[in-house]
Amino acid sequence: MPNPSPGYSITVRVTAPVGAGTTSTLAGAVASVKGAMTALDVVESHPDHMVIDVTCDASDVEHAEQIASAIADVPGVVVGKVSDRTFLLHLGGKLEVVPKVPLKHRDDLSRAYTPGVARVCTAIAENPEDVRRLTIKRNTVAVVTDGSAVLGLGNIGAAASIPVMEGKAALFKQFADVDAWPVCLDTQDTDAIVEIVRALAPVYGGINLEDISAPRCFEIEARLRDMLDIPVFHDDQHGTAIVVLAALTNALRVVEKSLDTVKIVVSGVGAAGHAIIRLLVAQGATNIVACGRNGILSPDDTSDSFRSWIANNTNPDSRSGSLQDALAGADVFIGVSAPDILTGDDIETMAERSIVFALANPVPEVDPIAAGRYAAVVATGRSDFPNQINNVLAFPGVFRGLLDAHAVEITDDMLIAAARAISDSVSPSELNATYIVPSVFDAAVAPAVAAAVRGVAGTGAGRDDDV
């Protein structure tokens, strides 16, 4: 059973008899089915009974039901409402729009709206560049998806993708003070998506593409980059690649190996795998073997131009075979593919002091505990294991830097600079096999990434507030 997680947290409201052992009995019931109790609050107290909220983490929905049943089996206890705390957090959505200026009387309205606002509109019409100074464009990002590749859930559609995009927007604000908004499109037609985003771009300072399936995501990004004068960033590609490069930089420091000499196996040749390989090559990696569903990618694989690029820029020894064949003797494994495709025995075949990044979520390519018996450094995308490789370390700071620099494009040099800023956020005294990337809550990371991106973009002037 996976470890209990706050993602499956429940609160069970119970009526229980008064007694010195009541709370310990409830705690014991939770522990008996391997739940993790995080809080026990007395809501009401009466002479003969108490109303108690028991809050605990479960490993999945079925485990949550087992916990509630175990509590209900305690003699004298009556279970009332069982609340899923994740669903409670999402009630009504996670975002709101709040004015930045006071609107208390007629004077405020006359300047924020008519008639004063007309003067600002005229100024922008006469000098279109003023739109960055005088509107929300200067600090606003569109989080665009078609719902075709959402998390590990697949093609669930636009409406079902909204909670993820809301969460993304909340992270933008929390970590980099960037105002982002979900733009979930009810179409999966490439031409339609490109045209819709082009048409709505005037209000945004950047476009964050999210959870769009490959290979369409590559074409959508490329076409939008060509036609827009604002940066277009596909987080599933470039955000993942940035954090992987940062983590690998520090992992290689731990095992005392060099990027230009190690053998790297990448499992997954979709959006994330393609971007990771491109960035590793740009940074100097020379021996990468890419594996798809059918094993090692062949130079003959021309199913699309992106896979062709991978095939032509990897596998220098022209190897063939399965993922397991590729893994033998490798120094680094990077998985952005599917759950449970490797075992600890497979990791044992790797080189001494190997590095394993098993990033499939929520179930990694290999059990991290099994991998840790043989690999020197193990990382996942999960928060309940050390070394969480999480895109939130990258995208807020990247967009903060792009917006501050009024950037119109994103380059590999910017991505590499962002990765370096993340890796350097872990000091030599902190660096070890279980701490190769900083915490996602490290407040210094996003500003460091933003500064690095601004530096490459050629300006450190920040936001211009002059009128």
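The values are calculated or read from the model by the stated rules, or taken from the named source; none is laboratory data. The shown structure was predicted, so the numbers you read here are calculated from the model rather than taken from an experiment. For neighbour counting, all protein chains shown are included, and Cβ atoms are generated from backbone atoms with ideal geometry for every residue, glycine included. When the accessible area is computed, the model is the full protein with side chains, heavy atoms only, and any ligands, DNA or RNA have been set aside. Shrake-Rupley method; radii C 1.70, N 1.55, O 1.52, S 1.80 Å.
Numerical summary
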| item | result |
| --- | --- |
| Hey, residue 77 under 30 Å from residue 361 (Cα atoms) and over 28 Å from the mean Cα position of the chain (by Cα) or not | no |
| Residue list for segment 21-36, filter: closer than 16 Å to residue 73 by Cβ, under 29 Å from the mean Cα position of the chain (by Cα) and surrounded by 16 or more Cβ atoms within 10 Å (Cβ to Cβ) | 35 |
| Identity of the residue in segment 314-369, charged (D, E, K, R) and part of a loop (DSSP other than H, G, I, E, B), that ends up most open to solvent (accessible area, probe 1.4 Å) | 352 |
| Neighbours by Cβ (under 9 Å, 6+ apart or cross-chain): first from segment 78-105, within 30 Å of residue 67 (Cβ to Cβ); second open to solvent by 60 Å² or more (accessible area, probe 1.4 Å) and of a type in the set (Lys, Arg) | 79/13; 80/13; 81/13; 82/13; 83/13 |
| Test: residue in segment 379-397 that is touching a residue at least 24 places away in the same chain (Cβ under 8 Å), over 17 Å from residue 246 (Cβ atoms), assigned to a helix (DSSP H, G or I) and not hydroxyl-bearing (Ser, Thr, Tyr) | no |
| Pair list, Cβ < 8 Å and 6+ apart or interchain, from segment 108-135 residues that are of a type outside the set (A, V, I, L, M, F, W, C) to residues that are open to solvent by 70 Å² or more (accessible area, probe 1.4 Å) | 108/101; 108/102; 132/406; 133/465; 133/466; 133/467 |
| Single residue of segment 443-467 satisfying the filter (open to solvent by less than 50 Å² (accessible area, probe 1.4 Å) and modelled with pLDDT under 95) that is nearest to residue 395 (Cα to Cα) | 457 |
| Close pairs from segment 20-36: first closer than 17 Å to residue 61 by Cα, partner among the aliphatic types (A, V, I, L, M) and exposed (fewer than 14 other Cβ atoms within 10 Å of the Cβ), Cβ under 8 Å, at least 6 apart | 34/1 |
| All positions within segment 145-166 that are open to solvent by 20 Å² or more (accessible area, probe 1.4 Å) and assigned to a helix (DSSP H, G or I) | 159, 160, 162, 163, 164, 166 |
| Test: residue in segment 187-194 that is over 23 Å from the mean Cα position of the chain (by Cα), among the small types (Gly, Ala, Ser) and in a loop (DSSP other than H, G, I, E, B) | no |
| Tally, over segment 398-417, of residues that are out of contact with any Pro (no Cβ under 7 Å at 6 or more places or on another chain) and either in a loop (DSSP other than H, G, I, E, B) or in contact (Cβ under 8 Å) with a residue 60 or more places away in the chain (or both) | 10 |
| Qualifying position, being more than 21 Å from residue 275 (Cβ to Cβ) and either surrounded by 17 or more Cβ atoms within 10 Å (Cβ to Cβ) or in contact (Cβ under 8 Å) with a residue 12 or more places away in the chain (or both), among 180, 201, 214, 142 | 201 |
| Set 352, 365, 348: member being under 30 Å from residue 59 (Cα atoms) and free of Cβ contacts under 8 Å to residues at least 60 places away in the same chain | 348 |
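Matching residues to (1) more than 25 Å from residue 447 (Cβ to Cβ); (2) modelled with pLDDT of 95 or more; (3) of a type outside the set (Val, Ile, Thr):
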position: 113; (1), (2), (3): yes, no, yes
position: 124; (1), (2), (3): yes, yes, no
position: 161; (1), (2), (3): yes, yes, yes
position: 177; (1), (2), (3): no, yes, yes
position: 181; (1), (2), (3): no, yes, yes
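Each row is one residue, and each column tells you yes or no for (1) farther than 24 Å from residue 139 by Cα; (2) open to solvent by 20 Å² or more (accessible area, probe 1.4 Å); (3) out of contact with any Asp or Glu (no Cβ under 7 Å at 6 or more places or on another chain).
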{"residue": "380", "(1), (2), (3)": "yes, no, yes"}
{"residue": "385", "(1), (2), (3)": "yes, yes, yes"}
{"residue": "390", "(1), (2), (3)": "no, yes, yes"}
{"residue": "404", "(1), (2), (3)": "no, no, yes"}
{"residue": "408", "(1), (2), (3)": "no, yes, no"}
{"residue": "417", "(1), (2), (3)": "no, no, yes"}
{"residue": "424", "(1), (2), (3)": "yes, yes, yes"}
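Matching residues to (1) aromatic (Phe, Trp, Tyr); (2) more than 30 Å from residue 136 (Cβ to Cβ); (3) touching a helix residue (DSSP H, G or I) at 6+ places or on another chain (Cβ under 9 Å); (4) at pLDDT 95 or above:
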| residue | (1), (2), (3), (4) |
| --- | --- |
| 30 | no, yes, yes, yes |
| 41 | no, yes, no, no |
| 54 | no, yes, yes, yes |
| 58 | no, yes, yes, yes |
| 64 | no, yes, no, yes |
| 70 | no, yes, yes, yes |
| 83 | no, yes, no, yes |
| 98 | no, no, no, no |
| 105 | no, no, no, no |
